[in-house]
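The values are calculated or read from the model by the stated rules, or taken from the named source; none is laboratory data. Predicted model only: the values in this text are computed from it and were never measured. A quick note on method: Cβ atoms are made from the backbone with ideal geometry, for glycine too, and the neighbour counts reach across all protein chains shown.
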Amino acid sequence: MDEQPGQPLDRRAELSEFLRTRRARLKPEDVGLPDYGRHRRVPGLRREELAQLAGVSVAYYTRLEQGNGRNVSAEVLDAIARALRLTDAEYAHLTHLAKPKQHKKKQPARPQQVRGALRQLLDTFEGVPAYVVGRRADILAWNRMAAAVFGDWSELPPQERNWARLVFLKPDYHDLFVDWEQKAIDIVCQLRMDAGCHPDDPRLSALVGELSVKSGDFRRLWATHDVKEKTHGEKRLRHPLVGDLALQFESFQVTGDSELALVTYHAEPGSASAEALRLLASWGTDATRAGTASPQ
């Protein structure tokens, strides 16, 4: 689907495309159904096959896949999720799209804030790059080591402190991440989940519209409708000062605000990456000034 900057995301279209793409990735043999021929007009399962697996009528499932999720029961969603073999993150996304929370009065989204104590905590992490990220992949707070590794975000306008804009629109970040494609996928998956929870967020709609216009890679990945949560793993970086880094990351939900996450990075003790982080810490502001986020 094509979104225009600033326009609310179409929840019905999102639901329709999400179900269609999940169905398309399954083959009959994946779910124990016979495949009666090579020439199938649609990729993956047919609607009839999916309805059979979920135990609902074809007409009912067709209405749901056309974006009409009104009055759908939790039991039916559960059956469809099992038939589609959805992950926990995908099931949560489906629920947000099909059964949106009803708000009595539409309130403008409040700017996300990071408590002063949490900012102080970031500064106590000696040698550990750490930052706080919010909705839309906005970078809200960070410590000196994060600036040394990822670039000094304080030199960017506030609206540019956003992982999606950095990764898709800043060439330096394409060079920084060894597996740039995976980093890009992770960001798009998170934005998809945000879109399911906040389809009326004008800043999110504007971000999606801007990236869709400016980045072919973003358009390609956005069209997959993939969603997932990634709370830990490894990132390999190619830093302009210290070379290759292999860092483990952990993401922690901030107590009191489920839409904020504290993300930390560390290297295996005694490794070359640990020594590289130590060097960056000792260089202080010199390392920060050489970061990737400098204005171009």
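Only residues that are touching a strand residue (DSSP E or B) at 6+ places or on another chain (Cβ under 9 Å) and exposed (fewer than 14 other Cβ atoms within 10 Å of the Cβ): list them for region 108-122, please. Full working, then the answer.
Initial filter on region 108-122 (touching a strand residue (DSSP E or B) at 6+ places or on another chain (Cβ under 9 Å)): 112-115, 118-119, 121-122.
Once the filter is applied, which keeps residues that are touching a strand residue (DSSP E or B) at 6+ places or on another chain (Cβ under 9 Å) and exposed (fewer than 14 other Cβ atoms within 10 Å of the Cβ), region 108-122 yields only Gln113.
Are any of the residues in region 190-199 closer than 21 Å to Leu247 by Cα, in contact (Cβ under 8 Å) with a residue 24 or more places away in the chain and not basic (Lys, Arg)? Steps first, answer last, please.
The first filter runs over region 190-199 and keeps only residues closer than 21 Å to Leu247 by Cα, leaving 190.
From what is left, the residues that are in contact (Cβ under 8 Å) with a residue 24 or more places away in the chain are 190.
Next, from what is left, pick out any that are not basic (Lys, Arg): 190.
So far as region 190-199 goes, yes, one or more of its residues are closer than 21 Å to Leu247 by Cα, in contact (Cβ under 8 Å) with a residue 24 or more places away in the chain and not basic (Lys, Arg).
Consider Pro269 against the criteria (1) assigned to a helix (DSSP H, G or I); (2) farther than 22 Å from Ile139 by Cβ; (3) not charged (D, E, K, R): it satisfies all of them except one. Which criterion is unmet?
Among (1) assigned to a helix (DSSP H, G or I); (2) farther than 22 Å from Ile139 by Cβ; (3) not charged (D, E, K, R), Pro269 violates only (1).
Could you list, in sequence order, all residues of region 114-152 that are within 15 Å of Leu241 (Cβ to Cβ) and not aliphatic (A, V, I, L, M)?
Those that are within 15 Å of Leu241 (Cβ to Cβ) and not aliphatic (A, V, I, L, M): Pro129, Arg144, Phe150, Gly151, Asp152.
Of the conditions (1) at pLDDT 90 or above; (2) buried (at least 16 other Cβ atoms within 10 Å of the Cβ); (3) not in a strand (DSSP E or B), Thr264 fails just one. Which one is it?
Going through (1) at pLDDT 90 or above; (2) buried (at least 16 other Cβ atoms within 10 Å of the Cβ); (3) not in a strand (DSSP E or B) one by one, Thr264 breaks only (3).
May I ask you to verify whether Arg238 is at negative phi and at pLDDT 95 or above?
Judged against the criteria, Arg238 is a match.
So is Lys230 closer than 30 Å to Ser273 by Cα, at pLDDT below 95 and either of a type in the set (Phe, Trp, Tyr) or in contact with a strand residue (DSSP E or B) (Cβ under 8 Å, 6 or more places away or on another chain) (or both) or not?
So Lys230 fits the description; yes.
So, in region 160-181, of the ones that are out of contact with any strand residue (DSSP E or B) (no Cβ under 9 Å at 6 or more places or on another chain) and without any contact (Cβ under 8 Å) to a residue 40 or more places away in the chain, which residue ends up nearest to Leu140 (Cα to Cα)?
Among those residues, the one meeting the criterion is Glu160.
From Ala137, Ala146, Ala141, Ala130, which residue is in the same structural domain as Asp244 (by TED's automatic domain parsing) and touching a Ser or Thr at 6+ places or on another chain (Cβ under 8 Å)?
None of the others qualify; the one that does is Ala130.
Testing Arg220 on (1) touching a His at 6+ places or on another chain (Cβ under 8 Å); (2) loosely packed, with under 14 Cβ neighbours inside 10 Å; (3) charged (D, E, K, R), one condition comes back false. Which one is that?
Failed condition: (1).
Looking at Glu90, Glu48, Glu75 in this structure, which one is at pLDDT 90 or above, surrounded by 19 or more Cβ atoms within 10 Å (Cβ to Cβ) and of a type in the set (Asp, Glu)?
Glu90
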